[in-house]
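Engineer: The structure under discussion is supplied below as structure tokens; questions concerning it will follow.
The numbers here are math on the coordinates, done by the rules we state, and not lab data. Note that the structure is a prediction, hence the values are computed from the model and not measured. Counting neighbours? That spans all protein chains shown, and the Cβs are built from the backbone with ideal geometry, glycine included.
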Amino acid sequence: MGSAATIAASPSQVQAISLANDGVVLLDQVRLPHELRYIKIMSADEMRHAIVTMVVRGAPAIGIAGAFGVVLSAREHAKAYPDNVPACVLSILVDADLLAQTRPTAVNLQWAINRMKRVMSDFTGDVAETLCKALEQEAQAIFDEDLAMCEAIGRHGKEVVPKSAQILTHCNAGALATAGYGTALGVVRAAFQVDPTIHVYASETRPRLQGARLTTWELQQEGIPVTLIADNMAAWLMKQGQVDMVIVGADRIAKNGDTANKIGTYSLALLARAHNIPFYVAAPSSTIDLSIETGDEIPIETRHADEVAWIHDETICPEGIPCYNPAFDVTPAELITGIITENGLIKTP
Ligand code: MRU
């Protein structure tokens, strides 16, 4: 992570991302659950690296990370061009575009960067430091709004959770993937407050294991009962009546309700339909992309083959075997029982 400085962890206040006066603090999600380590990101370039390597991940969190990355760029260029706002803006825009290209599927990233760009195009002052402050305010607003949206998603979502529900979730759509609280796990959190008898199954989420490493860890922090399963166990659980509902997050939702989320989500939706189990998506409105009609238009990130071929320091296949690693898939709207946003439940999307 280049010159990113390591700072002391604070286990009582676990937060994936926050803006500080001298940088951006990230909880290093690559190291969880073995190590709770926070790093300080000092430049837009370091932020790009953190997003690509998934030190910070999850659609809303990478949107926030993009906005905070623009702030880091503004702080640097405001020093270089204190009285030349156009030159400052040009330099920030270069960084903003590079940040926007780090991960293609989650629309939150482009959405957040576009908000930051709008602040620059609306700015009429001639002091770069003032522009910098305006960008900091916008980035913090994106963070604050995300937290509020996740809490509202939790409030609405808990209404669809049956008593003593057995809930299957995939990947990590929790506090770690957002400003805090989470989307799918926000619903779980809110439901657990009123009904502590609920129980979560977390699917491991090969190849990056967000379910195994992050979701189980996050729920364990709050004493929410969770059982880890391998990805290929979901059908059998459903068949045995051990799943009452599936709830997942989203990286991009098209106008017709087709939803991109972590690879493996589509198969869970098909399985849920086959077993007559409700399948919910929880996401803030910043994840909805009204510029595209259907999921066919969603760009799917393909990541490095080594993520499939290697587990920790060992390969799991003969050398030279080609591996395919799409990071997301698209679940057609007709398989989705409802989409829970901060504004309520959208049924039959
Ligand atoms: O590759 P990741 O870990 O960034 O993928 C994350 C997911 O797919 C989440 O389910 C999604 O971003 C929603 S997070 C609230």
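Engineer: Please give the length that would be gained between Asp296 and Cys323 if that part of the chain were fully extended, namely 0.36 nm times their separation in residues minus their C-alpha to C-alpha distance (nm, one decimal).
Structural biologist: 7.4 nm
Engineer: How many percent of DSSP beta bridges within the chain run antiparallel, rounded to 5?
Structural biologist: 55
Engineer: Rounded if a/c is under 1.5, else prolate if a/b is larger than b/c, else oblate: which is segment 159-347, with a ≥ b ≥ c the root eigenvalues of its Cα gyration tensor?
Structural biologist: Oblate is the answer for segment 159-347, as a/c is 1.5 or above yet b/c matches or exceeds a/b.
Engineer: Just to be sure I understand the curve: with the Debye formula and one point per C-alpha of the chain, what is log10 I(q)/I(0) at q = 0.06, 0.08, 0.16 Å⁻¹?
Structural biologist: For the requested q values the scattering log ratios are -0.21, -0.37, -1.39.
Engineer: Taking H placed 1.01 Å from N in the peptide plane, check which residues at least 5 places from Phe328 or on another chain put their amide H under 5 Å from its amide H.
Structural biologist: Sorted by chain and number, the residues that satisfy this are Ile263, Glu301.
Engineer: Determine the calculated [θ] at 222 nm for the chain from helices alone, applying -39500 (n - 2.57) to every DSSP H run no shorter than 4 residues and normalising by the residue count; nearest 500 deg cm²/dmol.
Structural biologist: Dividing the helical sum by the residues of the chain leaves -12000 deg cm²/dmol.
Engineer: Please label the shape of segment 80-198 as rounded, prolate or oblate, based on the square roots a ≥ b ≥ c of the eigenvalues of the alpha-carbon gyration tensor (a/c under 1.5 means rounded; beyond that, a/b larger than b/c means prolate, else oblate).
Structural biologist: prolate
Engineer: I need the fraction of alpha carbon pairs in segment 3-151 separated by more than 19 Å, rounded to a whole percent.
Structural biologist: 49
Engineer: Follow-up. Just need the relative contact order of the chain here, percent rounded to a whole number, with Cα pairs under 8 Å and 6+ apart.
Structural biologist: 15
Engineer: Sticking with this structure for a sec: Roughly what would the spin-label model give for Leu270 and Gln240, points 7 Å off Cα along C-beta, in nm?
Structural biologist: The modelled label-to-label distance comes out at 2.3 nm.
Engineer: Something else now. Once the Cβ-Cβ distance between Asp195 and Asp83 is put in as r, and R0 is 45 Å, what FRET efficiency do you end up with, to the nearest 0.05?
Structural biologist: 0.15
Engineer: Could I ask something else about it? Students often get this wrong, so check it: of Lys40/Lys117; Lys117/Lys262; Lys158/Lys347; Lys163/Lys239; Lys163/Lys262, which have C-alpha atoms separated by over 22 Å?
Structural biologist: Correct reply: Lys40/Lys117; Lys117/Lys262; Lys163/Lys262.
Engineer: While we're here: Using only the Cα atoms, work out Rg/Rh for segment 248-319, with Rh taken as the Kirkwood radius, to two decimals.
Structural biologist: Using Cα coordinates only, the ratio equals 1.09.
Engineer: Please compute the contact order of segment 159-347 in relative form: average sequence separation of alpha-carbon pairs under 8 Å and at least six residues apart, divided by the residue count, as a percent.
Structural biologist: Normalised by residue count, the contact order of segment 159-347 is 21 percent.
Engineer: Also, quick follow-up: In whole Å, how far is the Cα centre of segment 16-89 from that of segment 289-337?
Structural biologist: 25
Engineer: If one computes the Cα centroid of segment 181-200 and of segment 232-267, what distance in Å separates the two points?
Structural biologist: If you average the Cα positions of each part, the centres end up 17 Å apart.
Engineer: If you count, for each residue, the other Cβ atoms within 10 Å and average over each peptide, how do 250-258, 191-199 line up from highest to lowest?
Structural biologist: Listed from highest to lowest mean packing, they are 250-258, 191-199.
Engineer: How big is the Cα convex hull of segment 48-96 in projection, averaged over all directions, in nm²?
Structural biologist: 3.3
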